[in-house]
Structure formats: structure tokens, C-alpha cells
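One structure is given below, encoded as C-alpha cells.
The values are calculated or read from the model by the stated rules, or taken from the named source; none is laboratory data. Predicted model, so just to flag it, every value in this text is computed and none were measured. Neighbour counts run over all protein chains shown; Cβ positions are idealised from the backbone, glycine included. In case anyone asks, the SASA skips ligands and DNA or RNA and just uses the protein heavy atoms, side chains included. Shrake-Rupley method; radii C 1.70, N 1.55, O 1.52, S 1.80 Å.
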Amino acid sequence: MFRLQGSKVLAVDMTGDAVKAKNGSMVAYDGQMAFKKLSGGGEGLRGMVTRRLTGEQMTVMEVKGHGTCWFADRASEINLVGLQGDKLYVESSNLLATDAGLRTGTTFTGLRGASQGNGLFTTTVEGHGQVAIMSDGPAVALRVSAQYPLTVDPGAYIAHQGKLRQSFQSGVTFRTFLGEGGGEAFQIRFEGDGLVYVQPSERNTIAGDA
């Protein structure tokens, strides 16, 4: 159902089924399609509409019909992740599309820092099906094992899956080691067994110079 045309365009072939995607990300379609805008709170993909960290709002659309739809967003690289009953944690801004049958929501992943007490909320996708996630440059999946925990800059983090424990190390970033850090910042540490997806470009985070 999901296939890539090049690295920056997602093609979804539908035979009466549906897909949910970031609003405004469809660039073309053929066949007969019906479109519905989803917004607000609640369960499903609607539950990820509000990204509480920054106050951003993400609107989602449902596309259903017979034919092919093509999706893209700001020339971002697109990566396909297959779920077999497991759960994917992904930044809402990096989520492009999901099979309609996948359950999505928002989970609390910890406190960013004791001084401000801001919570971190991550979008979850769970079930059987495919997910298309975006990255600024080609994403890399890094393996985490019991012997090799992984520490990630939050600006490069996209998503993770598997049996991973996530913790935050406040007050330090990779740039801090070089004397370039500023403001309150943190790293994300993963322990356990699973995969962490990172991008080769850092987005701005609210954690200061992360």
C-alpha cells in the first residue's frame, strides 16, 4: 500500500481503504478519492493534534477511495516503518502518514527540567501496518542493546521503537562539551533493546541551544 517514488514522495495505492496524513501534504492523486479533515482532541490521530511543547497544532486529513495518492512535505526525506503489533514513538512534526487501521495517540515521556517543569509529549502509533515518517536528510536507524545504550541530541531525534527506557539528562548537550551551549538543554538517553531513528540535521528545540 505504501511505496516510495524517489526518497521524497510517498505513493499510497488504495482499493476502497483509507489513509491518514498530514493536512496539506497531498501533491497529486488519480482515481476517485474522498477527503475529510480531522481536528480536535480525542482518540486516534486526532489525539496528536496539539503538540503541547510548542503550542503547535497539527491538522490531519483522511483520504479514502480507489486509486493512488502521492504525498510530500517540504522536500523532506520519507522513511517507511512497518509495525507488527508493536508501538512507534515519533515526533508529531515528523509524522507524514499512517495506515487508517493504526491506533495513534499522545504519551507523556517525562519532564524536561526541574526548573521549568515542562512535560514532553510524544505521538504514538500502534498496531499492524505502515507508517511514513519524515526527516531532514536521510534518516538512520541506530540499534540500542543492553550493552550499548544510546544518547541522542533532541534536535536530531525523530522516533524510536522496541523495549526502550527513555530518560533525560538535563543541563548538557553535545555542544556544551565544546563551550557552545546556551540556555537550559538536555540529551535523550535510551536503554534496553530497540531502534532509534535520527536525522542528520538538528531542528531548533525549546530546550535552548540543543
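For segment 118-145: of the residues being open to solvent by 60 Å² or more (accessible area, probe 1.4 Å) and assigned to a loop (DSSP other than H, G, I, E, B), which is farthest from Thr106 (Cα to Cα)?
Selected residue: Pro138.
Please determine, by comparing only the residues of segment 98-117 that are assigned to a strand (DSSP E or B) and within 19 Å of Gln169 (Cβ to Cβ), which one is modelled with the lowest pLDDT.
Leu111
Residues are listed down the side, and each one gets a yes or a no for (1) at pLDDT 75 or above; (2) part of a loop (DSSP other than H, G, I, E, B); (3) over 21 Å from Thr123 (Cβ atoms):
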position	(1), (2), (3)
Gln147	yes, yes, yes
Thr151	yes, no, yes
Ile158	yes, no, no
Gln161	yes, no, no
Arg175	no, no, yes
Gln187	yes, no, no
Leu195	yes, no, no
Pro200	yes, yes, yes
Arg203	no, yes, no
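Only one of these is among the hydrophobic types (A, V, I, L, M, F, W, C) and at pLDDT 90 or above: Leu95, Leu45. Name it.
Answer to the check: Leu95.
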